[in-house]
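The numbers here are math on the coordinates, done by the rules we state, and not lab data. Only a predicted model underlies this, so the values are computations on that prediction, with no experimental measurement involved. Please note: Cβ atoms are built from the backbone with ideal geometry, for glycine as well, and neighbour counts cover all protein chains shown.
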Amino acid sequence: MISSMQAGSVVVDVAVDQGGCIETCKPTSHTHPTYEVDGVVHYCVPNMPGVVARTSTYALTNATFKYASMLAQMGVEDAVAQEEPLRKGLNVYGGSICYEPVARDLGMEYKPYQL
């Protein structure tokens, strides 16, 4: 896909410190943050949120507090039953892998979460 992009396009791999999500990405640094592959600029600095720790903490908290609060008040079963984003984010429950891509990637048995 990278080679089909227009020259001068930019790709940012926000998961490079966890193995990356783009085949042509490799970790860079703040000193040398970019490189090009097939004319596409790659920015792959590990732990990007760490550069703006306070701001990224507020952003993450604002995005996740609703769900943490629901889990604390209702428990896992009721919160997951009521909130689709929580169901979609559930990877392991009751000793089973309930998210098919994770099971497949690990070569393990997939057992869907049952409401």
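Shown is the FRET efficiency for GLU77 and MET108, computed with R0 = 25 Å from the Cβ-Cβ distance and rounded to the nearest 0.05: 0.65. Extension gain, VAL92 to TYR58: 0.36 nm times the residue separation minus the Cα-Cα distance gives 9.6 nm.
Just so you know, the Rg over Rh for the stretch 1-90 is 1.14, from Cα atoms, with Rh as the Kirkwood radius.
Shape verdict for the stretch 2-46, please, from the Cα gyration tensor: rounded (a/c under 1.5), prolate (a/b greater than b/c) or oblate. In terms of gyration-tensor shape, oblate. Computed from Cα atoms, the angle from the helix 53-74 axis to the main principal axis of the chain rounds to 20 degrees. Working note: 222 nm ellipticity from helices only, DSSP H runs with n ≥ 4, each -39,500 (n - 2.57), summed and divided by the residues of the chain, gives -11000 deg cm²/dmol to the nearest 500.
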